[in-house]
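Since the structure comes first, as structure tokens, the remarks are kept for the end.
No value in this document is a laboratory result; all are computed from the given coordinates. Model, not experiment: these values are computed from the prediction. Counting neighbours? That spans all protein chains shown, and the Cβs are built from the backbone with ideal geometry, glycine included.
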């Protein structure tokens, strides 16, 4: 029988904290696998039989948590976990690292959301199983990015040579940070960052990822200025939970509202994405426009999470046996 | 002001004026019980003003910490009253346990017993990036 420290040394699990933890080739493979699952879901319904997902949400979430849990159930596995930090031992003062180490004795993979940035890296210090970052504060959200990428691929037929606009809260918008990171690795990209001055893209992304990639980008306060040139428009919500000051949130929350009047100037094959939940930033009238792709992202997200969990748990594709 | 020569020990020379105390604290030199001199604002032909730190014993010293604060300072190892070796410093690509992340949303501000880790982000601008939250750290 092994001690816990021996188990930790032997386990050496592969984690996904950031979209950069996956290579472009791996992302392509995950998209292919997700498409295969979408096409023949019955073939995958027992792939993870006997496996358990630890669904550890220290911060409330509806769609991401349910998407992960549905993904594991659709692979034939089971789910255990908690939906808020109130129901975890952290309320008793337990460290995140201890909580994760304990849970990793019971499950085969962990999906974790936490309000603090970098929490998954801290959690992984003593963890026996793979951790997937399901969102850490305003930092990263790699599985949302996988859902975004498959949706862009489906709409545009490619992930390169695109002009992509990001609009809204670019400071705290973790989905924006992850997607910018991912798209910078493709050829021929152009970016437009549309935000009020207080919610601009963080310097580490501009000075690090964007500068290194060499892709041209512009920052503007006007959605009307750039919308005619865009292939993809990624809208985001101004997130109340990221503000220390309520007055700042109220002042900034309705800066951008995408409606049919603004879309009048956009390309006919524009794809409008949004990580959801939406508040006011996309008018409901846009939902029926064929350019609206945000509910497709939700649909695709579950299949990408199924593909990612299969990969990290080392489960074979039954259609490739 | 004169400080006498040391027979055996370390001399940190050409420290940017005003930085010696920072280095003293970062290296936890207050824990040493050997003679130690901190000279600040010393006239220098090369730098105008500089700081000097003299440690009267051959103690282990974290070169990454020195390189982080100033890769251009010189570290002389003194034996028998003479400079026996000059150590070339370089900016470390990674620095652990020295800095505190300034991002209030970073997990390092909450989790117990977590060692801070920063990676060199830009050699020219001398900026480091928190391994946990990616926030930049500037001197």
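Diffusion of the range A:39-190 by Stokes-Einstein, at 20 °C in a medium of 1.002 mPa s and with Rh set to the Kirkwood radius over alpha-carbon pairs, works out to 128 µm²/s. Note that chain B carries a Kirkwood radius of 16.3 Å, evaluated over its alpha carbons pair by pair.
Comparing B:82, B:71, B:90 in a Gaussian network model of chain B where C-alpha atoms under 10 Å apart are linked, the largest mean-square fluctuation is found at B:82. Taking every C-alpha pair closer than 8 Å and separated by at least 6 residues, the mean separation divided by the residue count of the range B:1-61 gives a relative contact order of 47 percent.
Shielding value for B:113-121 is 2, the average number of Cβ atoms from other chains within 10 Å of each residue's Cβ. Defining a contact as two alpha carbons under 8 Å apart and six or more residues distant in sequence, what relative contact order in percent does chain B show? Relative contact order of chain B: 21 percent.
Helix A:142-156: angle to the longest alpha-carbon principal axis of chain A, degrees 0 to 90, nearest 10? For helix A:142-156, the angle is close to 50 degrees.
The spread of Cα positions in the protein assembly as shown, taken along each principal axis and listed from longest to shortest, comes to 83, 64, 43 Å.
Peptides A:298-309, A:139-150, B:49-60 ranked from most to least packed by the mean count of surrounding Cβ atoms within 10 Å: A:139-150, A:298-309, B:49-60.
For the range A:142-298, the fraction of C-alpha pairs farther apart than 27 angstrom is 15 percent. Report relative contact order for the range A:142-298 in percent, whole number only (criteria: Cα-Cα under 8 Å, sequence separation at least 6). This gives 25 percent for the range A:142-298.
Hey, with R₀ at 30 Å, roughly what FRET efficiency would residue A:299 and residue A:94 work out to, going by the Cβ-Cβ distance, to 0.05? Approximately 0.25, to the nearest 0.05. Roughly how many whole Å is it from the C-alpha centroid of the range A:32-98 to that of the range A:281-306? About 21 Å separates the Cα centre of the range A:32-98 from the one of the range A:281-306. When every Cα-Cα distance of the range A:47-125 is counted in 10 angstrom steps from zero, the calculated P(r) takes the values 19, 53, 26, 2 percent. Based on the Stokes-Einstein relation at 20 °C and a viscosity of 1.002 mPa s, and on the Kirkwood radius from alpha carbon pairs, the range A:146-198 is assigned a translational diffusion coefficient of 183 µm²/s.
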